[in-house]
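> The structure that follows is given in the form of structure tokens.
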Amino acid sequence: MGMETARTADHALLALRTLADNGPMTVTDLAAELGVSPTAAHRVIATLHASAIVRRCEDGRYDVGPRLIRLTDHLLQYYAKQATPAMLRLAESTGGTVVLNALQGDSTIALHQVTATRTPLRIEYRLGYATPFTGSPGGLTILAHLHPSRRDRLVSEAGIRGLRERLDRIVADGFLISGEEVWADAVSVSAPILDENLGVIGSLSAVVTTDPAEHQKIVTQVTQAAARVASRSSEFSGPGSTQPGEPTDD
């Protein structure tokens with residue numbers, strides 16, 4: 001009985017991780033990802049659905065539900081608090097505005113921002129509002145590092161020419177420098193926040209006014225700050241266990 005309960009709990013956690021990575025899925029597709037029978041997958045989904053941890057979409061697929069999203073909101077606030085020291089150091093060292101971007105469903109939000117004490121450009125972001133991944137450099141950086149199946153779906157839905165190639169370049173470089181989506185004479189330098197257990201959990205962006213010769217220095221500062229934020233996230237992500245797709249017993 002104890003082993004059966006543990007196995008069911010493990011399947012439930014893997015199902016949530018898979019839905020978070022891939023987005024809405026049918027029970028059949030979820031079963032294939034988890035390496036269990038459709039019957040076993042249906043039992044797990046039915047239990048999670050009854051508790052509003054997953055929801056049934058209009059097309060019959062399943063996605064993460066409202067109760068899990070409320071829990072995520074609490075974690076995001078903790079995440080912002082943990083990121084603040086690294087953001088403050090980055091803002092003062094670059095003389096710019098630093099923004100912490102986070103995932104929220106199939107969108108991104110500007111979760112937190114800090115601005116250098118002395119800066120030639122003061123920017124105020126609308127915090128907490130969901131925007132498409134393609135709407136900001138920080139969003140593009142997150143999109144580039146999402147689980148491949150989820151990224152492919154979102155790229156197809158966006159229908160933007162050359163987007164896939166641009167995302168591949170971001171992954172290859174490990175950062176994004178962009179002047180297209182920010183104010184004149186300013187650039188945004190964004191780096192992914194990569195948790196070893198959860199994958200990409202957000203991005204860090206610094207909006208600065210600086211000579212192009214200084215861009216590489218800014219890139220180094222932003223990527224190092226993003227790595228520090230990622231290291232703090234390990235306090236609540238925990239070690240990984242079974243990965244989606246690995247076969248488990250029914």
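> Check Arg151 against each of (1) open to solvent by less than 10 Å² (accessible area, probe 1.4 Å); (2) modelled with pLDDT of 85 or more and name the one condition it does not meet.
(1)
> For segment 44-66, state whether one or more residues are free of Cβ contacts under 8 Å to residues at least 40 places away in the same chain, in a loop (DSSP other than H, G, I, E, B), open to solvent by 30 Å² or more (accessible area, probe 1.4 Å) and among the small types (Gly, Ala, Ser).
Yes: segment 44-66 contains one or more residues that are free of Cβ contacts under 8 Å to residues at least 40 places away in the same chain, in a loop (DSSP other than H, G, I, E, B), open to solvent by 30 Å² or more (accessible area, probe 1.4 Å) and among the small types (Gly, Ala, Ser).
> Enumerate the strands (runs of 3 or more DSSP E) found wholly within segment 76-180, keeping only those where 3 or more residues are among the polar types (S, T, N, Q) and under 19 Å from the mean Cα position of the chain (by Cα).
Once the strands (runs of 3 or more DSSP E) in segment 76-180 are filtered for at least 3 residues that are among the polar types (S, T, N, Q) and under 19 Å from the mean Cα position of the chain (by Cα), what remains is 107-115.
> I've got another one for you. Mind checking which residues of segment 169-223 are without any contact (Cβ under 8 Å) to a residue 40 or more places away in the chain and among the hydroxyl-bearing types (Ser, Thr, Tyr)?
Thr220
> Could you check segment 206-231 and list, in sequence order, the residues that are of a type in the set (Gly, Ala, Ser), open to solvent by less than 10 Å² (accessible area, probe 1.4 Å) and closer than 16 Å to Ala186 by Cβ?
Ala206
> I'd like the full set of residues that are more than 18 Å from the chain's Cα centre (by Cα) and either at pLDDT below 80 or on the phi > 0 side of the Ramachandran plot (or both), limited to segment 1-26.
Met1, Gly2, Met3, Glu4, Thr5, Ala6, Arg7, Thr8, Ala9, Asp10, His11
> List pairs: first residue in segment 90-114 and under 23 Å from Arg17 (Cβ atoms), second residue charged (D, E, K, R) and part of a helix (DSSP H, G or I) anywhere in the structure, Cβ distance under 9 angstrom, at least six positions apart or on different chains.
Final answer for the pair search is Gln104/Asp73; Asp106/Arg150; Asp106/Arg153; Asp106/Glu157.
The values are calculated or read from the model by the stated rules, or taken from the named source; none is laboratory data. What you see is a predicted model; the values in this text were computed from it and never measured. Note that each Cβ is placed from the backbone with ideal geometry, even for glycine, and that neighbours are counted across all protein chains shown. Ligands, DNA and RNA are stripped out before the accessible areas are found, and what is left, the full protein with its side chains, is counted by its heavy atoms. Shrake-Rupley method; radii C 1.70, N 1.55, O 1.52, S 1.80 Å.
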